[in-house]
Amino acid sequence: MTQYTVINPATEQPVTTVSLTSADETDAAIERASRAQEGWRQVAPGDRARLLRRFAAEVDAHVQELAALETAGSGHPAGAATWEAGQVRDVLLYYSAAPERLIGKQIPVAGGLDVTFHEPLGVVGLIVPWNFPMPILSWGMAPALAAGNAVIAKPAEVTPLTAIRIGELALEAGLPEGVLQVLPGKGSVVGQRLVDHPEVRKIVFTGSTEVGQQIMAGCARHVKRVTLELGGKSANVVFADADIEKAAATAPYAVFDNAGQDCCARSRILVQASVLDRFMELLEPAVKGVRVGDPAAEGTEMGPLISAAHRDHVASYVPDDAPVAFRGSAPDGAGFWYPPTVLSPVGGTDRAYTEEIFGPVVTVTPFTDEAEAIALANDTPYGLSGSIWTSNVGRAIRVARGVETGNLSVNSHSSVRYWTPFGGFKQSGLGRELGPDALDAFTEIKNVFISTDD
Ligand code: TAP
């Protein structure tokens with residue numbers, strides 16, 4: 001069995017070593033999941049709900065432990081990691097109410113009646129990226145379990161620790177063996193097997209658009225259900241009539257959260273030309289004020305990047321002749337640090353403007369009017385998130401309807417609320433997660449005609 005050593009990105013020191021799951025072990029886990037699912041789907045809805053609430057309670061009792069693991073293994077600031085662990089609890093609680101509401105319809109038809117059932121799919125494979133190991137695991141895991149599926153989760157090879165612990169907590173909460181299994185391992189081994197194995201009936205993939213395309217092609221071979229949550233290059237659109245102070249003060253947090261390793265990062269700031277100078281004046285102290293440093297220290301707002309290789313990738317978007325307007329700070333010495341960086345003027349075909357950087361680098365580009373703002377916001381193959389800053393409600397709605405993206409905020413930089421649907425337009429993905437209808441994606445509708453003839 002091969003091993004992977006998890007590295008603390010803030011210190012470059014080893015945290016622990018994890019055994020990587022092989023293809024044969026993945027097959028065995030799929031068989032276990034398949035058997036366990038037969039029992040899990042028979043668990044009465046109220047009992048399934050109770051078990052999910054107990055699972056949520058176990059997570060709640062271990063929030064600090066999970067947060068500390070994420071800080072050590074992924075470099076997330078302690079405050080953010082605590083919020084992320086709390087989100088796992090909250091998403092479990094939200095979907096614990098679902099089993100008892102998973103009701104069908106009665107449809108009158110000639111000669112009888114028709115009833116519909118939401119049947120679980122069977123075994124669901126979750127393939128999770130390294131940037132938000134806990135929340136993204138929970139978004140697929142909780143509704144899939146609530147709907148009566150067995151779940152196999154594959155965390156990213158580099159950030160497996162919290163998912164492994166959450167799998168243990170599920171067992172401690174009383175979930176039957178095999179209903180939730182966490183398989184640390186490589187995407188090319190475990191992830192690929194989940195895609196290729198016919199007993200896995202759905203893949204919930206979150207990650208890059210490039211790998212998502214391969215997953216989609218693999219799922220097509222089995223007509224396997226698939227949800228894809230992919231990359232983004234979202235716009236933060238600031239109109240002249242907005243609260244410019246607030247837009248500038250929050251803009252760093254809309255892109256540098258999680259060191260910019262965020263699919264919803266508003267990595268293109270579009271500012272109406274008439275207020276560009278004022279906006280930049282206000283943005284500079286806001287960027288310089290972002291507290292970058294030891295993620296375990298209280299008050300830290302931004303930690304390191306995930307790895308040296310990723311830092312090199314991010315740095316490639318800021319060559320020596322890049323138009324750096326200003327930068328924040330970052331610690332020297334050990335750790336994969338990169339300072340918050342603002343590039344301006346940037347636009348057109350510059351790769352910093354067109355590609356997902358997935359790091360703390362943002363571009364600022366002026367626009368003249370509403371039509372140009374919408375055109376620039378849409379000038380990307382992605383369509384995941386974005387913000388619109390304006391005091392004109394009509395403009396907010398018009399622009400929101402015009403921007404081709406799945407999740408928008410008006411006068412806010414918030415992105416994900418687990419009780420509302422989340423997902424992307426265009427190459428940012430396929431399907432929606434979260435919100436009240438999430439179980440539709442984890443069930444098949446069956447209709448049964450009952451004859452009333454004598
Ligand atoms: P990827 O390299 O695409 O990896 C994502 C997951 O897929 C990892 O668990 C990876 O495993 C696995 N994987 C890789 N190759 C695979 C294969 N051939 N078959 C099956 N699984 C495979 O993405 P990443 O670098 O971890 O994450 C960053 C990307 O995710 C960014 O583009 C970001 O925008 C996107 N993202 C999107 C969202 C949403 S909700 N739209 C949220 C977060 C992140 P290994 O890591 O073990 O190889």
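The values are calculated or read from the model by the stated rules, or taken from the named source; none is laboratory data. This is a predicted model, so every value here is computed, not measured. Here the Cβ positions follow ideal geometry from the backbone for every residue, glycine too, while neighbour counts run over all protein chains shown. Quick note on the areas: whole protein, heavy atoms, side chains included, nothing else; ligands and nucleic acids left out. Shrake-Rupley method; radii C 1.70, N 1.55, O 1.52, S 1.80 Å.
Here are the numbers:
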| quantity | calculated |
| --- | --- |
| Segments classed as helices (runs of 4 or more DSSP H), wholly inside the stretch 1-96, with at least 1 members that are more than 25 Å from the chain's Cα centre (by Cα), at negative phi and not basic (K, R) | 23-40, 45-61 |
| Filter pass, G424 being within 16 Å of the ligand (Cβ to nearest atom), touching a His at 6+ places or on another chain (Cβ under 9 Å) and at pLDDT 95 or above | no |
| Unmet requirement for W83, which otherwise passes all of (1) loosely packed, with under 13 Cβ neighbours inside 10 Å; (2) without any contact (Cβ under 8 Å) to a residue 12 or more places away in the chain | (1) |
| Members of the stretch 106-141 found to be more than 14 Å from the chain's Cα centre (by Cα), within 16 Å of the ligand (Cβ to nearest atom) and either surrounded by fewer than 24 Cβ atoms within 10 Å (Cβ to Cβ) or of a type in the set (G, A, S) (or both), listed by number | G125 |
| G174 vs. criteria in a loop (DSSP other than H, G, I, E, B), away from the ligand (no atom under 13 Å from the Cβ) and crowded, with 24+ Cβ neighbours inside 10 Å | no |
| Matching entry among L161, L180 (being at pLDDT 95 or above, open to solvent by 20 Å² or more (accessible area, probe 1.4 Å) and of a type in the set (A, V, I, L, M)) | L161 |
| Test result for G191, of a type outside the set (A, V, I, L, M, F, W, C), within 11 Å of G125 (Cα to Cα), within 10 Å of the ligand (Cβ to nearest atom) and in contact (Cβ under 8 Å) with a residue 40 or more places away in the chain | yes |
| Hits in the stretch 349-371 (condition: within 27 Å of the chain's Cα centre (by Cα), open to solvent by 40 Å² or more (accessible area, probe 1.4 Å) and polar (S, T, N, Q)) | T354 |
| Any chance T405 is open to solvent by less than 30 Å² (accessible area, probe 1.4 Å), within 16 Å of the ligand (Cβ to nearest atom), touching a residue at least 60 places away in the same chain (Cβ under 8 Å) and under 28 Å from F132 (Cα atoms) | yes |
| Residues of the stretch 208-248 that turn out to be assigned to a helix (DSSP H, G or I), loosely packed, with under 15 Cβ neighbours inside 10 Å and without any contact (Cβ under 8 Å) to a residue 24 or more places away in the chain, as a count | 4 |
| Residue selected from the stretch 263-309 under the condition more than 18 Å from A10 (Cα to Cα) and in a loop (DSSP other than H, G, I, E, B), by the criterion most open to solvent (accessible area, probe 1.4 Å) | G289 |
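Residue by residue, here is whether (1) under 25 Å from P381 (Cβ atoms); (2) under 15 Å from the mean Cα position of the chain (by Cα); (3) within 15 Å of the ligand (Cβ to nearest atom) holds:
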{"site": "T206", "(1), (2), (3)": "yes, yes, yes"}
{"site": "I215", "(1), (2), (3)": "yes, no, yes"}
{"site": "C219", "(1), (2), (3)": "yes, no, yes"}
{"site": "K224", "(1), (2), (3)": "yes, no, yes"}
{"site": "E229", "(1), (2), (3)": "yes, yes, yes"}
{"site": "D243", "(1), (2), (3)": "no, no, no"}
{"site": "A248", "(1), (2), (3)": "no, no, no"}
